[in-house]
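Chemist: Okay, here's the structure, questions in a sec.
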Amino acid sequence: MKLSMRPFRDEEDFWTIRRFLRDVYVCNGRMEHAWLPQRLDYWRFFGMPVLGDGALETDVFLWETDGGELAAVLNSESRGWAYLQVDPRRRTPALEDEMVAVAEEKLRTIGKRSGRPVLVVSAWDADAMRGEVLARRGYERMGDWQEILRARDLSQPVPDVPVPAGYRIRAIEPTEEDARRRNEASWRAFHPNEPVDRAFVGSSYRHIEREPLYRRDLDLVAESPEGEIASFATVWYDDALRVCTFEPVGTAPEHQKKGLAKAVIAEGMRRARAMGAQTASVGGGGASNPPADKLYAAMFSPLGVSTSGWLKFLDGASN
């Protein structure tokens with residue numbers, strides 16, 4: 001069946017894509033070979049306004065049947081990266097080749113270190129079709145980037161992780177002060193060797209709260225004896241799929257190696273399970289992030305799914 005491509009148009013497209021991602025997850029046997037809706041939400045409501053990571057109107061493209069049924073979506077997340085969300089019933093090498101060609105034209109960036117036009121395409125490691133398409137187009141798998149997807153069956157017991165003495169786990173409070181402290185903990189967890197970005201710390205947490213799946217009672221923190229936010233995990237529960245995902249998860253440097261992130265994750269699993277969640281999932285870790293890999297391996301089981309970035313310089317010169 002012939003498919004036609006068009007750019008993202010309007011708010012209706014956003015909600016159509018979210019429904020499509022749910023359908024694709026089910027069609028893929030409840031395996032994350034494409035994004036879950038939460039990741040699209042996070043990109044739109046946090047990545048775009050806070051981190052400056054693109055726009056729906058310039059960084060999203062849709063492939064439809066003659067009858068207007070959505071078959072595939074191409075999107076960025078940060079400039080220079082491309083993600084292919086494809087209905088497995090309509091996947092062909094020709095479609096994926098066309099999507100990558102569009103990405104090369106529309107989603108490329110100039111590499112910060114190389115100064116050359118470049119694109120990275122995300123691909124499931126066991127996806128022979130996409131790997132062949134990318135190799136044929138001159139892409140090479142990046143050895144220093146991999147995302148491992150893990151899950152936990154919530155019908156099984158959640159680990160009983162002790163909370164260190166003096167700490168307590170709670171939901172974030174609806175105050176600007178708690179939002180500021182949560183932002184600072186996030187910055188320090190992910191940028192431990194950089195000065196705190198006060199503009200980021202002062203940015204409104206309302207961006208997160210606007211996401212369709214946001215629940216304050218699943219936005220969890222570990223508070224230190226001194227009242228600092230020491231660790232955090234935001235849990236996104238999709239009751240249509242009965243899946244909860246964890247993003248972001250982090251601990252401020254001076255509070256690390258105390259089991260706080262494990263304790264917060266365990267509490268998030270218990271709360272989501274009480275709401276009806278059947279599966280908890282997380283992405284990240286891998287060889288490029290050993291601490292996160294160790295944490296997630298202790299709380300989740302590998303799904304047998306990992307993704308790698310495939311890189312191509314687009315100026316035709318040798319890599």
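Chemist: Residues that are on the phi > 0 side of the Ramachandran plot and over 18 Å from the mean Cα position of the chain (by Cα): does the range 211-227 have at least one?
Modeler: Checked against the condition, which is being on the phi > 0 side of the Ramachandran plot and over 18 Å from the mean Cα position of the chain (by Cα), the range 211-227 yields at least one hit.
Chemist: Out of the range 69-80, which residues are out of contact with any helix residue (DSSP H, G or I) (no Cβ under 9 Å at 6 or more places or on another chain) and either touching a residue at least 60 places away in the same chain (Cβ under 8 Å) or of a type in the set (Gly, Ala, Ser) (or both)?
Modeler: Gly80
Chemist: Going by the conditions given, is Ala34 under 16 Å from the mean Cα position of the chain (by Cα) and among the hydrophobic types (A, V, I, L, M, F, W, C)?
Modeler: The answer is yes for Ala34.
Chemist: Give the number of residues within the range 203-248 that are in a loop (DSSP other than H, G, I, E, B), closer than 14 Å to Ser186 by Cβ and in contact (Cβ under 8 Å) with a residue 60 or more places away in the chain.
Modeler: Residues of the range 203-248 in a loop (DSSP other than H, G, I, E, B): 203-205, 210-215, 224-228, 239-242.
Pick out the ones that are also closer than 14 Å to Ser186 by Cβ and you get 203-205, 228.
Okay, now just the ones that are also in contact (Cβ under 8 Å) with a residue 60 or more places away in the chain, so 203.
Of the residues in the range 203-248, 1 are in a loop (DSSP other than H, G, I, E, B), closer than 14 Å to Ser186 by Cβ and in contact (Cβ under 8 Å) with a residue 60 or more places away in the chain.
Chemist: Quick one: is Arg242 among the basic types (Lys, Arg) and closer than 18 Å to Ala298 by Cβ?
Modeler: On the way: among the basic types (Lys, Arg): yes; closer than 18 Å to Ala298 by Cβ: no.
Criteria not met by Arg242.
Chemist: Say whether the condition of being among the polar types (S, T, N, Q), more than 23 Å from Asp153 (Cα to Cα), touching a strand residue (DSSP E or B) at 6+ places or on another chain (Cβ under 8 Å) and touching a residue at least 60 places away in the same chain (Cβ under 8 Å) is met by at least one residue in the range 307-314.
Modeler: Yes, the range 307-314 contains at least one residue that is among the polar types (S, T, N, Q), more than 23 Å from Asp153 (Cα to Cα), touching a strand residue (DSSP E or B) at 6+ places or on another chain (Cβ under 8 Å) and touching a residue at least 60 places away in the same chain (Cβ under 8 Å).
Chemist: Restricting to the range 81-117, count the residues that are in contact (Cβ under 8 Å) with a residue 12 or more places away in the chain, of a type outside the set (A, V, I, L, M) and under 25 Å from Met1 (Cα atoms).
Modeler: 13
Rundown of residues vs (1) modelled with pLDDT of 95 or more; (2) under 19 Å from the mean Cα position of the chain (by Cα), yes/no style:
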site	(1), (2)
Val249	yes, yes
His255	yes, no
Ala272	yes, yes
Thr279	yes, yes
Gly283	no, yes
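Chemist: Taking Arg79 as the residue in question, decide whether it is crowded, with 19+ Cβ neighbours inside 10 Å, within 24 Å of Val282 (Cα to Cα) and basic (Lys, Arg). Show your work before the answer.
Modeler: Working: crowded, with 19+ Cβ neighbours inside 10 Å: no; within 24 Å of Val282 (Cα to Cα): yes; basic (Lys, Arg): yes.
Against the criterion (crowded, with 19+ Cβ neighbours inside 10 Å, within 24 Å of Val282 (Cα to Cα) and basic (Lys, Arg)), Arg79 does not qualify.
Chemist: Somewhere in the range 167-184, is a residue among the polar types (S, T, N, Q), surrounded by 18 or more Cβ atoms within 10 Å (Cβ to Cβ), modelled with pLDDT under 95 and outside any strand (DSSP E or B)?
Modeler: For the range 167-184, residues among the polar types (S, T, N, Q), surrounded by 18 or more Cβ atoms within 10 Å (Cβ to Cβ), modelled with pLDDT under 95 and outside any strand (DSSP E or B): present.
Chemist: Could you list, in sequence order, the residues of the range 148-166 that are on the phi < 0 side of the Ramachandran plot and surrounded by fewer than 19 Cβ atoms within 10 Å (Cβ to Cβ)?
Modeler: Those that are on the phi < 0 side of the Ramachandran plot and surrounded by fewer than 19 Cβ atoms within 10 Å (Cβ to Cβ): Asp153, Ser155, Gln156, Pro157, Val158, Pro159, Asp160, Val161, Pro162, Val163, Pro164, Ala165.
Chemist: Here's something else I'd like to know. Determine which member of the set Ala261, Ala277, Ala252, Ala292 is hydrophobic (A, V, I, L, M, F, W, C) and farther than 24 Å from Val196 by Cα.
Modeler: Result: Ala277 is the single residue among Ala261, Ala277, Ala252, Ala292 that is hydrophobic (A, V, I, L, M, F, W, C) and farther than 24 Å from Val196 by Cα.
The values are calculated or read from the model by the stated rules, or taken from the named source; none is laboratory data. Remember, it's a predicted structure, so these values are computed and weren't measured experimentally. Glycine also receives a Cβ, built like all others from the backbone with ideal geometry; neighbour counts cover every protein chain displayed.
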